[in-house]
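The values are calculated or read from the model by the stated rules, or taken from the named source; none is laboratory data. What you see is a predicted model, and the numbers here were worked out from it, not measured in a lab. Glycine also receives a Cβ, built like all others from the backbone with ideal geometry; neighbour counts cover every protein chain displayed. These accessible areas exclude ligands, DNA and RNA; they are computed on the full protein's heavy atoms, side chains included. Shrake-Rupley method; radii C 1.70, N 1.55, O 1.52, S 1.80 Å.
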Amino acid sequence: MLAQTESVFALANGHLGWRGVLDEGEPHGLPGSYLNGVYEVRPMPYGEWAYGRPESSQTVINVTNGKLIRLFVDDEPFDVRYGSLRSHERVLDFRTGTLSRQAEWVSPAGSAVRVHSQRLVSFSHRAIAAISYEVEPVDQAVRVTVQSELLANEQLPPADGDPRAAAILDHPLAGEYQVHDQNAVLLVHRTQHSGLRVGAAMDHVIDGPGTLRTDARVTDDAGMVTVATTLQPGQRLRLVKFVAYGWSSARSLEAIRDQVWAALSAARQSGWDNLVTEQRDYLADFWDRSDVEVDGDTEIQQAVRFSLFHVLQAGARGEDRPIPAKGLTGPGYDGHAFWDTEAFVLPVLIVTAPDAAASALRWRQHTLPIAMQRAADLGFAGAAFAWRTIAGEECSGYWPAGTAAFHVNADIASAVIRYVNATGDTDFERGPGMDILVQTARLWRSLGHHDGEGKFHIDGVTGPDEYSAVADDNVYTNLMAQRNLLAAAAASEQHPDRARELGVDPEEAAAWRDAAAAMSLPYDAALGVHCQAAGFTAHQLWDFAATPADHYPLMLHYPYFDLYRKQVVKQADLVLAMQHVGDAFTAEQKARNFDYYDALTVRDSSLSACTQAVMAAEVGELDLAFDYLGEAALIDLDDLEHNTRDGVHIASLAGTYVALVSGFAGVRYDAGGVRFAPRLPDGMARLAFTILLRGRRLRVEVKHRSARYLLVEGEPLQISHHGAAVKLTAGKPSVRPIPAIAPRPRARQPAGREPIRRRVGDGKLAGSTPAAAG
């Protein structure tokens, strides 16, 4: 429970992340301070050699901890496990971007104190975090000592063996430089193998009555500033702590030292009050353009704001760095970025914080040389992006669920297409966009082949469903590759000068179009459904009735070989294809496919429920979609997968927004415009949100019988509402009726894997406990 709250209460800005560990550092579940892109290299031993396997992996490391503030009351440490804790509350405020704490504690010797702290990781100063810490006696004079620390290489709990957790690296930082000056301390370290240099510094503003004794000391791995005084009732000691970080793979020790001192000086110049004001202003602007209002379910309302806050924290100030699967909230998955970013997170950022989305895509462009070398090593043209990585190199040692999942390349290309369609950013399209589209199109053309009848096949790949590996003609992969090929050809035609720079000639572009037109999409005519991959519907069905409830996730209890040859789906695959490439399917095909695959999908991945919610809503299963929404939204607040300790699930949290906006509002957009098909489940009375499209701000409000569209600002816009064209002009709302929908039987799920039904009216998830508040 403690580690879960540390993840939930984590603060980050895309560059720097602090887990929500108590100020005094103990007790803790999993300490963590992270800098985006800072990692250590570790070997990947294999039992036998095989060509093309990565020889090393990258693991996020816990950098210098600047959160620590220890309190001693009459020489006894403030520790919530001892003495008497009269009250204790922590609040994560999405409006101010701060984590606040109020506590009243009586020491074992009977001295009572009140402690109030507030911390932030700044959005306006990306290298800065700060803490305001106050202590006061309750009813009698007390001697207090406050120790503020920087601590590198802090002791971490042992790994638990879960493959989704991180490798624990012992003592990853080697000390290079340490100095203290009055109330300031600076430490510079270097990673042992990756050669990254990391600097951290702290300074303080101290306010208290009478004479305060202060001193500072420093060692290779620690720096400490100590303040001691005696407080009478009504007096208080306040310490404001500013912490600055910097890192580089290339800059000298002196450069990092000066960079960190400069950032610290700027924070001191701004002061605590200005940092708080800037934080509030930044978030006020974000919520003005991004908030989602849900009437009728208070739990979902809180959850979607929690989700948006963490999605923003994951990417706001990343500035050409990746968005890891756990953001900067924990070390899960070794801090790696996956396809999750482009398939789930960027669709949210593109319409709420487009600059952050462009930044994440530019990071992919920066790793293109590595991806092109990886493709060459595998015998292909173009670029093969890593399945999981921090710096661009492939870090997956398991080919079937790693490198074979080539769809990551189409996911990245799709995010480029989506970003350009939503923003109209032609400079990005000509630059990073074309670099990515062209090199990924080359990969698909060399990875696939035309058969004797001219059909184009992509064989031996793994789609999103990791329980079906190394398959031929995975429909999701093929449709996404088809879109990638066509987009690359269109961009090359639109920007011929860039095409020439990239060596694209008319013959190559024509080959891309030919492959796209001939793409194989397996279909089982007897069942009337698309095959997830060639031959999938002929596989033996998994025996769900004989599978014990405690044997999920299946990957922890059954060999992959058994999973690969059965009809069982870890996460939405064919259903995700219907969401992302919906125009490739008729409405009838979508309904039949959804029913067939929902009965096979066990949702052993956090990436599934949101997709199933979107498509359940589209085929008319509104209450089922509502149940899936609850699962995606509460995955971390209720720790539904029992692994939030390792960090929140950024993609599933993004999926909460997607389930509401793409699911119940039915939003779809492409180069042809934006379409809406809104319908609400019984458990929601109203849904309202704002999206950014091509310099316009569009406000949408959905009720059961009507939808209201208001173009808040921007040039006139034509939208589609349930297939009918609607012309919008700024400041003039348009209200449209929502057509009735025919009822249909509820889709089946595997035995024991049904989503928990949400009760209408009280906003609670049946069988769950309310989300932890602190």
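See the values below:
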item: Given (1) crowded, with 23+ Cβ neighbours inside 10 Å; (2) within 28 Å of Leu16 (Cα to Cα), number of the condition Val73 does not satisfy; result: (2)
item: Cross-chain or 6+ apart pairs with Cβ under 6 Å, region 465-476 first and on the phi < 0 side of the Ramachandran plot and of a type in the set (A, V, I, L, M, F, W, C), then assigned to a loop (DSSP other than H, G, I, E, B) and modelled with pLDDT of 95 or more; result: Ala469/Thr462; Ala471/Ala533; Val475/Leu521
item: Count of residues meeting criterion [of a type outside the set (A, V, I, L, M, F, W, C), under 34 Å from the mean Cα position of the chain (by Cα) and open to solvent by less than 80 Å² (accessible area, probe 1.4 Å)] in region 741-756; result: 6
item: Residue, nearest to Glu40 (Cα to Cα), within region 212-221, restricted to residues that are open to solvent by 40 Å² or more (accessible area, probe 1.4 Å) and in a strand (DSSP E or B); result: Val218
item: Elements of type helices (runs of 4 or more DSSP H) in region 363-447, at least 3 residues being touching a residue at least 40 places away in the same chain (Cβ under 8 Å), under 25 Å from the mean Cα position of the chain (by Cα) and at negative phi; result: 407-423, 434-447
item: Criterion: part of a loop (DSSP other than H, G, I, E, B), among the small types (Gly, Ala, Ser) and either under 25 Å from the mean Cα position of the chain (by Cα) or under 23 Å from Phe306 (Cβ atoms) (or both) - qualifying residue of Gly620, Gly666, Gly655; result: Gly666
item: Filtered residues of region 674-689 (kept if in a strand (DSSP E or B) and either within 18 Å of Gly655 (Cβ to Cβ) or out of contact with any Ser or Thr (no Cβ under 7 Å at 6 or more places or on another chain) (or both)); result: Val674, Arg686, Leu687, Ala688, Phe689
item: Residue within region 303-321 that is crowded, with 24+ Cβ neighbours inside 10 Å, part of a loop (DSSP other than H, G, I, E, B) and either polar (S, T, N, Q) or under 11 Å from the mean Cα position of the chain (by Cα) (or both) present; result: no
item: Considering residues of region 365-393 that are in contact with a strand residue (DSSP E or B) (Cβ under 9 Å, 6 or more places away or on another chain) and open to solvent by less than 60 Å² (accessible area, probe 1.4 Å) only, the residue nearest to Gly14 (Cα to Cα); result: Ile390
item: Enumerated strands (runs of 3 or more DSSP E) restricted to region 18-118, each holding at least 2 residues that are over 18 Å from Tyr133 (Cα atoms); result: 33-35, 39-43, 56-60, 84-93
item: Failed item, numbered, when Arg679 is tested on (1) touching a Phe, Trp or Tyr at 6+ places or on another chain (Cβ under 7 Å); (2) of a type in the set (D, E, K, R); (3) within 15 Å of Ile756 (Cα to Cα); result: (3)
item: Scan of region 338-355 for residues that are of a type in the set (Gly, Ala, Ser) and buried (at least 24 other Cβ atoms within 10 Å of the Cβ), ordered by number; result: Ala343
item: Count of region 650-688 residues which are in contact (Cβ under 8 Å) with a residue 60 or more places away in the chain and within 22 Å of Thr341 (Cα to Cα); result: 16
item: Hits in region 701-722 (condition: open to solvent by less than 60 Å² (accessible area, probe 1.4 Å) and under 22 Å from Glu621 (Cα atoms)); result: Glu701, Val702, Ser706, Ala707, Ser720, His721, His722
item: Subset of region 469-489 (residues that are open to solvent by 10 Å² or more (accessible area, probe 1.4 Å) and under 18 Å from Ile436 (Cα atoms)); result: Gln482, Arg483, Leu486, Ala487
item: Check on Gly271, at pLDDT 95 or above, on the phi > 0 side of the Ramachandran plot and buried (at least 17 other Cβ atoms within 10 Å of the Cβ); result: no
item: Subset of region 697-736 [in contact (Cβ under 8 Å) with a residue 24 or more places away in the chain, under 22 Å from Pro681 (Cα atoms) and part of a strand (DSSP E or B)]; result: Val700, Val702, Ser706, Ala707, Arg708, Tyr709, Ser720, His721, Val735, Arg736
item: Scope region 288-326; condition in contact with a Pro (Cβ under 8 Å, 6 or more places away or on another chain) and over 23 Å from His336 (Cβ atoms); matching residues; result: Glu299
item: Enumeration of residues in region 638-654 that are in contact with an Asp or Glu (Cβ under 8 Å, 6 or more places away or on another chain) and open to solvent by 20 Å² or more (accessible area, probe 1.4 Å); result: Leu640, Arg645
item: Sole exception among (1) at pLDDT 95 or above; (2) part of a strand (DSSP E or B) for Ser124, by number; result: (2)
item: Of all residues in region 554-587 being free of Cβ contacts under 8 Å to residues at least 60 places away in the same chain and part of a loop (DSSP other than H, G, I, E, B), the one that is least open to solvent (accessible area, probe 1.4 Å); result: Phe585
item: Total residues in region 190-211, condition open to solvent by less than 10 Å² (accessible area, probe 1.4 Å) and assigned to a loop (DSSP other than H, G, I, E, B); result: 1
item: Matching residues in region 636-667 - criterion: being closer than 26 Å to Pro322 by Cα and either among the charged types (D, E, K, R) or touching a Lys or Arg at 6+ places or on another chain (Cβ under 9 Å) (or both); result: Asp636, Asp639, Glu641, Asn643, Arg645, Asp646, Gly647, Val648, His649, Ile650, Ser662
item: Candidates Tyr333, Tyr282 - the one that is under 30 Å from Thr690 (Cβ atoms), of a type in the set (Ser, Thr, Tyr) and assigned to a helix (DSSP H, G or I); result: Tyr282
item: Residue match in region 614-637 (condition: in contact (Cβ under 8 Å) with a residue 24 or more places away in the chain, farther than 27 Å from Arg483 by Cβ, in contact with a strand residue (DSSP E or B) (Cβ under 9 Å, 6 or more places away or on another chain) and open to solvent by 20 Å² or more (accessible area, probe 1.4 Å)); result: yes
item: Residue check for Val260: β-branched (Val, Ile, Thr) and either part of a strand (DSSP E or B) or open to solvent by 50 Å² or more (accessible area, probe 1.4 Å) (or both); result: no
item: Residues being among the hydroxyl-bearing types (Ser, Thr, Tyr) and open to solvent by less than 40 Å² (accessible area, probe 1.4 Å) - total across region 506-531; result: 1
